């Protein structure tokens with residue numbers, strides 16, 4: 001979750017709506033503030049829908065190119081030494097054969113999609129990290 005981004009969008013939306021409803025002289029300013037916040041918010045709603053819908057369509061064995069085709073470029077590509085909450089510990093070993101991981105972070109809700117790839121660029125593990 002991107003708390004500063006979510007709060008910024010809410011503030012811009014609220015300010016734009018307030019200015020739009022305030023009176024004739026502030027309608028243009030309200031529209032100028034409200035429109036980008038609606039467009040940006042809509043983009044992130046669409047993106048999160050695409051990511052979560054794509055998660056169920058990606059199975060172990062799918063190629064890295066297919067993952068990128070369905071989900072786009074990852075938010076972060078990393079070696080297999082990290083998890084959603086930080087560095088892996090001895091109790092959180094990476095999947096056997098993992099050489100790279102793709103991370104897709106959600107904007108509105110705390111969570112991320114993790115895809116682990118082997119040396120043949122095939123998915124060997126996937127996980128949907130969600131905060132309760």
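Values quoted throughout were computed directly from the atomic coordinates according to the rules given, and no laboratory measurement underlies them. Model, not experiment: these values are computed from the prediction. So basically every Cβ, Gly included, is an ideal-geometry build from the backbone, and we count neighbours across all protein chains shown.
Compute the length gained on full extension between residue 119 and residue 50: take 0.36 nm times their separation in residues and subtract their Cα-Cα distance, giving the result in nm to one decimal.
Full extension from residue 119 to residue 50 adds 22.2 nm.
So for 126, 73, fewest C-beta neighbours within 10 Å to most, what's the order?
Taking fewest neighbouring Cβ atoms as first place, the list is 73, 126.
Only helical DSSP H runs with n ≥ 4 go in: add -39500 (n - 2.57) per run for the chain, normalise by residue count and round the 222 nm mean residue ellipticity to 500 deg cm²/dmol.
It comes out at -15500 deg cm²/dmol, rounded to the nearest 500.
Please arrange 60, 123 by how many other C-beta atoms lie within 10 Å of their C-beta, fewest to most.
60, 123
Angle between the Cα long axis of helix 3-22 and the longest principal axis of the chain, 0 to 90 degrees, nearest 10?
20 degrees
Taking only Cα atoms, what is the 0 to 90° angle, nearest 10, from helix 27-57's long axis to the longest principal axis of the chain?
Around 20 degrees separate the two axes.
How much length is gained on full extension from residue 82 to residue 2, taking 0.36 nm per residue of separation minus their Cα-Cα distance?
Values: separation 80, 0.36 × 80 = 28.80 nm, distance 1.92 nm.
Here the segment from residue 82 to residue 2 would lengthen by 26.9 nm.
Fewest Cβ neighbours within 10 Å first, please rank 35, 26 accordingly.
Placing the least packed residue first, the sequence is 35, 26.
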